[in-house]
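Report on the structure given below.
The values are calculated or read from the model by the stated rules, or taken from the named source; none is laboratory data. If you're wondering where the values come from, they're calculated on a predicted model, not measured in any experiment. Cβ placement follows ideal geometry from the backbone for every residue including glycine, while neighbour counts extend to all protein chains displayed.
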Amino acid sequence: MTIVLIDQDGPLANFELGFAAKWESRFPKEIFVSLEERRTFHIKDDYPPHLREHVESIYLEKGFYANLPITNGGLQGMREMENAGFSIYICTAPLSQYENCVLEKYTWMEKHFGKDFTRRIIVTKDKTLIKGDFLIDDAPNVEGIKSPEWKHILFDSPYNRHVTDRPRIKWDTWRDILPVSA
Ligand SMILES: [Mg+2]
């Protein structure tokens, strides 16, 4: 059985879109860094220092994570992978300010994938400790105290395109990378 670990924010929950909507309504006069202009993994780092507290206030707010939209193709892609026989788990690193984030990650999964699927959520700050064959993650570098067992597949995003040493997918191309005979 092939175990595929899937990161939640990025591949499934559309953090960028959720952030953009809130930012433009809350701080309409401030600069907005569009997804195509994003260059660093942590959104805060793509904003000038004087705006970083504002940025943080958006995603720390109660309800932010629970109400993120789902990515295009995320639902269908997950179903296709399940149907192809992969054993899928969600592997997600919560914010250190976990108060709303952790609970709402569960709420979000239930809303989009059903209650049963919440049993497949692994919440960890260190994904290298988790066993699996593949990890699909938009983070350019997934590091921790171990050398990971899984192979990192990048979920394509503008802020990870400088990384060229790993396979890269979007939801419509996962079959090009993952061995479907699993
Ligand atoms: Mg992510």
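See the values below:
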item	result
Those residues of the range 48-73 which are closer than 16 Å to residue 11 by Cα and either surrounded by fewer than 19 Cβ atoms within 10 Å (Cβ to Cβ) or of a type in the set (A, V, I, L, M) (or both), in sequence order	66, 67, 68, 69, 70, 72, 73
Single match in 145, 88, 130 (criterion: β-branched (Val, Ile, Thr) and in contact with a Phe, Trp or Tyr (Cβ under 8 Å, 6 or more places away or on another chain))	130
Test: residue in the range 103-117 that is closer than 12 Å to residue 5 by Cα, in the same structural domain as residue 166 (by TED's automatic domain parsing) and surrounded by 15 or more Cβ atoms within 10 Å (Cβ to Cβ)	no
All positions within the range 35-60 that are among the polar types (S, T, N, Q) and under 21 Å from residue 156 (Cα atoms)	40
Residue satisfying condition, being within 13 Å of the ligand (Cβ to nearest atom) and more than 18 Å from residue 157 (Cα to Cα), within set 65, 98, 89	65
Residue match in the range 24-39 (condition: aliphatic (A, V, I, L, M), surrounded by 14 or more Cβ atoms within 10 Å (Cβ to Cβ), within 15 Å of the ligand (Cβ to nearest atom) and at pLDDT below 95)	yes
Cβ-Cβ under 9 Å pairs, at least 6 apart or on other chains, the range 1-18 side within 12 Å of the ligand (Cβ to nearest atom), far side part of a loop (DSSP other than H, G, I, E, B) and among the β-branched types (Val, Ile, Thr)	5/130; 7/142; 10/71; 11/71; 12/71; 13/71; 14/71
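Each row is one residue, and each column tells you yes or no for (1) touching a Lys or Arg at 6+ places or on another chain (Cβ under 8 Å); (2) crowded, with 18+ Cβ neighbours inside 10 Å; (3) over 14 Å from residue 12 (Cβ atoms).
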residue: 128; (1), (2), (3): yes, no, yes
residue: 140; (1), (2), (3): no, no, yes
residue: 144; (1), (2), (3): yes, no, yes
residue: 147; (1), (2), (3): no, no, yes
residue: 150; (1), (2), (3): yes, yes, yes
residue: 159; (1), (2), (3): yes, yes, yes
residue: 171; (1), (2), (3): no, yes, no
